[in-house]
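See below for the structure under consideration.
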Number of protein chains: 2
Amino acid sequence: MADSSRTRVLTSQQDDFPRWYQDVLEKAELAENGPVRGTMVIRPYAYGLWERMQAEVDGRIKATGAENVYLPLFIPQSYLEREAEHVEGFSPELAVVTHAGGKELSEPVVVRPTSETLFGELMSKWIQSHRDLPMLLNQWANVVRWEMRPRLFLRTSEFLWQEGHTAHATREDANAYALRIHLDVYRDFLQNVLAIPVLVGVKSRRERFAGAINTMTCEAMMGDGKALQMATSHELGQNFANAFDITFADSSGQVETCWTTSWGSSTRMVGGLIMAHGDDRGIRVPPRVAPVQVVVVAVKGDERTMTTASSLVRELVEVGVRARLDNRTTQGFGRRATEWELKGVPVRLEVGPRDLESGQATIVRRDTGDKTVVALDTISSTIVKLLESMHTEMIEAGRQRLADRTVGAESVAEALDAAKTGFARIPWDQLGEEGEDTLNREAVSVRCLQTREGTVPGSGDLDAELMAIVGRSY
Amino acid sequence: MADSSRTRVLTSQQDDFPRWYQDVLEKAELAENGPVRGTMVIRPYAYGLWERMQAEVDGRIKATGAENVYLPLFIPQSYLEREAEHVEGFSPELAVVTHAGGKELSEPVVVRPTSETLFGELMSKWIQSHRDLPMLLNQWANVVRWEMRPRLFLRTSEFLWQEGHTAHATREDANAYALRIHLDVYRDFLQNVLAIPVLVGVKSRRERFAGAINTMTCEAMMGDGKALQMATSHELGQNFANAFDITFADSSGQVETCWTTSWGSSTRMVGGLIMAHGDDRGIRVPPRVAPVQVVVVAVKGDERTMTTASSLVRELVEVGVRARLDNRTTQGFGRRATEWELKGVPVRLEVGPRDLESGQATIVRRDTGDKTVVALDTISSTIVKLLESMHTEMIEAGRQRLADRTVGAESVAEALDAAKTGFARIPWDQLGEEGEDTLNREAVSVRCLQTREGTVPGSGDLDAELMAIVGRSY
């Protein structure tokens, strides 16, 4: 396979990153537009990625004690009026069902933009006593927010997500739980499974979720230096509980108002994975999340090659590697290699008659492109070690890019300049809300506020000595 | 805990089975109505059941080689007109979005009643060559069919399901695959996980899915003797492929039309589990699907009891049992026992100071109510064996009920009489389509047609010597 054939497949990232993104979605058979504007078809390979992401996030959510529920797709329009602040935010984004059952509905129903209002109604009913607290609920579902400028995975009119909603007896408990979700679920998943380094911090007042007293965020840097918000966790104080009358009797029988949190992550993370790790040859799937970690490619169709390839797949599966056989030897080898590169399978194991003569096969790393010829009897142990080190090297490369493309800035002008190619790190007391205004006019925003050590500041405390991370974003 | 307190909780099945069903959904905290008529809130315990059901079905689907995709919720109204036969079927069931993005849409969009038309469009595009076949796709999603007479889990305006759609080069391959899904996925799951015996067979022409040349079904008998259709698999011949232009070039380059199948199962199966296994004390969850297989109940709050209960949970988890601790000793023991009975946890392990004096604890089986006092050091091995035999006994009890309440009938009158309490089994050549008319007028239907040996007849062959299974149904 000549390099020239590779370069023809995708627009290069350098030339046009958004075009590269569109190209790779199509050529790697990840996703395409649905017939209704803004909707998305998630094809098998990308859905397989999402399934593994979902399982990893879900396991971590359950480990915090939360349970999953399923609430209806349809919400009475009147429900959304209970939270005036949110209606303002969502109204143009709502899809409204006016006809059903063959006739016009007496009250139109809204397709959920979130299930927040339903969670509010139900928690109000389900929570009576301090014994019912904390109530820790989560939902995996599709939601709809009409998009005028859709972009696959990043901004679609319908997307898949999880939304958690919890109620607590005290502010401290709510804060501690939201922080746990943020660090032990989201950050841990993003870094230790997706191999994407993230900056954790809180949002500025302007970027905060409507109704929240504090919004925590995980921000990642994409291949083009822009930021992608990967997941957020909100402390809602007693605002939400007051709106929905979520109260409990404490141990003395006194009625108190709950403190609530909400937190979410979505199919947007698939877009993040593509843009954080992709290169000019396609996507690069980090090994821990890869549905296929190793593809064993039979180079030719002779019996010895085919038998060896099959037995290597079995051997890999036995040691816990997700391996798959490519025995489509009637198709050209180069074309198949290009396909697996596009799809970013971490390791390609090429098995062909020439290598087999000397009892060997060739391991090709997708991340670096390195090829190593290895003796057949050491292949599975070599690959197990390789997959682990690939994870470490991929997140390390991400950390390096983040460091290289983050500039310490002392003024708004410097921050704006840095945001052309990456992030700026500027003291929040230098920037302030007026500086934030100036940035926003140039389509640059405060991605998060951190302590000087890079940790999450205390709940809602924006007066401490914080650093602002500033950049363009998706 | 006195029996009198138990009988107060639920209406008895004998007195009013539908009322019992409503009661148990509420008291066992399984599900409730959503605010929009016909919609459903699935509460954590029932959603946990669905998650395990979904995982078991999904694993079996993947084992046949199918892959999951996600297609959009919204479908252009014009798409549904391509398959006139289905529009007729669905039209009054459709929920239609007319407004989005703050204004009226130029073309209304329909909330998917199935994704069939989208699968058709996409397969037409994705399938080019015989190398693309078979194409085996599945989707887990919510769908909406407006219900005038909703019943939780059984008939709701929105429900969760999987729908599989596959395309094949030949009729034989399509038939073999649909049969494999039917027996190795659905029947195997229903019997070997849900412990519900099912009758497999094909639908009569009248009961067949619109557009299918053959519909296979799994029919189960509920506690009241009525039938519930648990899952269906359809061979669509070339009808669907013709409507959507799903063609392929064979190895000689000749363009041929595909043969397609579709198959589905839904949250209706949760209703089936409840009605097939429930009794006057609540639901009874078969051990293989139970999210909690054993609840270890600390009877009192003394230290020895609490420590022993916790260590028994750990010990059970270590041998692979899904065990959970109930240490809410500030609440009455009787109330807690009733709760676990309502929720149908297969085994209750009661740990209290009195038993501990003699190094023992009490195992209570939910299915039979039997109590056994067991030495602490044999508990985990006893429970592992017990869970296996409970599965066998539960499906055996279902088989017995099915046998007891299925009557061999020689005439339409006899069949109608049998359908008052269960099923009738009548030769199809005795019944025929006129007999089917007569049954239908009395709200009795042909549930399936089987060979005399109880197996699935050959594709679309309704002229052989078949037996009709006849009954009332949900």
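Numbers for the structure displayed
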item: Residue list for the stretch A:339-355, filter: assigned to a loop (DSSP other than H, G, I, E, B) and within 14 Å of another protein chain (Cβ to nearest Cβ); result: none
item: Which listed residue is β-branched (Val, Ile, Thr) and assigned to a helix (DSSP H, G or I), from A:330, A:308; result: A:308
item: In the stretch B:291-321, the residues that are surrounded by fewer than 23 Cβ atoms within 10 Å (Cβ to Cβ) and under 22 Å from the mean Cα position of the chain (by Cα); result: B:291, B:292
item: The stretch A:442-457, residues that are part of a loop (DSSP other than H, G, I, E, B) and touching a residue at least 12 places away in the same chain (Cβ under 8 Å); result: A:442, A:443, A:444, A:452, A:454, A:455, A:456, A:457
item: The stretch A:122-132: number of residues that are more than 15 Å from residue A:164 (Cα to Cα) and crowded, with 20+ Cβ neighbours inside 10 Å; result: 1
item: Residues located in the stretch A:19-51, provided they are at the interface with chain B (Cβ under 7 Å from one of its Cβ atoms), among the hydrophobic types (A, V, I, L, M, F, W, C) and over 14 Å from residue A:269 (Cα atoms); result: A:36, A:40, A:41
item: Whichever residue in the stretch B:415-474 is of a type in the set (Val, Ile, Thr) and over 16 Å from residue B:206 (Cα atoms) and, among such residues, is surrounded by the most Cβ atoms within 10 Å (Cβ to Cβ); result: B:426
item: Residue B:336 free of Cβ contacts under 8 Å to residues at least 24 places away in the same chain, among the basic types (Lys, Arg) and either farther than 14 Å from residue B:294 by Cβ or not in a loop (DSSP other than H, G, I, E, B) (or both); result: no
item: Matching residues in the stretch A:161-190 - criterion: being within 13 Å of the chain's Cα centre (by Cα) and either surrounded by fewer than 19 Cβ atoms within 10 Å (Cβ to Cβ) or of a type in the set (Val, Ile, Thr) (or both); result: A:161, A:185, A:188
item: Number of the condition not met by residue B:408 [criteria: (1) in contact with a strand residue (DSSP E or B) (Cβ under 9 Å, 6 or more places away or on another chain); (2) surrounded by 13 or more Cβ atoms within 10 Å (Cβ to Cβ)]; result: (2)
item: Residues within the stretch A:365-396 that are under 25 Å from residue A:222 (Cβ atoms) and crowded, with 17+ Cβ neighbours inside 10 Å, tallied; result: 8
item: Residue within the stretch A:162-185 that is part of a loop (DSSP other than H, G, I, E, B), more than 21 Å from residue A:118 (Cβ to Cβ), touching a residue at least 12 places away in the same chain (Cβ under 8 Å) and within 14 Å of chain B (Cβ to nearest Cβ) present; result: no
item: Residue list for the stretch A:242-260, restricted to those being touching a Cys at 6+ places or on another chain (Cβ under 8 Å) and either part of a strand (DSSP E or B) or surrounded by fewer than 24 Cβ atoms within 10 Å (Cβ to Cβ) (or both); result: A:247, A:248
item: Extreme residue, farthest from residue B:343 (Cα to Cα), among residues of the stretch B:356-368 that are without any contact (Cβ under 8 Å) to a residue 40 or more places away in the chain and within 38 Å of the chain's Cα centre (by Cα); result: B:362
item: Flag for residue A:271 being modelled with pLDDT of 95 or more and part of a helix (DSSP H, G or I); result: yes
item: Where a residue in the stretch A:232-244 is at negative phi and its partner, wherever it lies, is of a type in the set (Lys, Arg) and surrounded by 20 or more Cβ atoms within 10 Å (Cβ to Cβ), with Cβ under 7 Å and at least six apart; result: none
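Residues are listed down the side, and each one gets a yes or a no for (1) touching a residue at least 40 places away in the same chain (Cβ under 8 Å); (2) facing chain A (nearest Cβ under 10 Å); (3) among the β-branched types (Val, Ile, Thr):
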{"site": "B:95", "(1), (2), (3)": "yes, yes, no"}
{"site": "B:109", "(1), (2), (3)": "no, yes, yes"}
{"site": "B:114", "(1), (2), (3)": "yes, no, yes"}
{"site": "B:122", "(1), (2), (3)": "yes, yes, no"}
{"site": "B:126", "(1), (2), (3)": "no, yes, no"}
{"site": "B:133", "(1), (2), (3)": "yes, no, no"}
{"site": "B:141", "(1), (2), (3)": "yes, yes, no"}
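The values are calculated or read from the model by the stated rules, or taken from the named source; none is laboratory data. Note that the structure is a prediction, hence the values are computed from the model and not measured. Glycine gets a Cβ as well: all are built from the backbone with ideal geometry, and neighbour counts include every protein chain shown.
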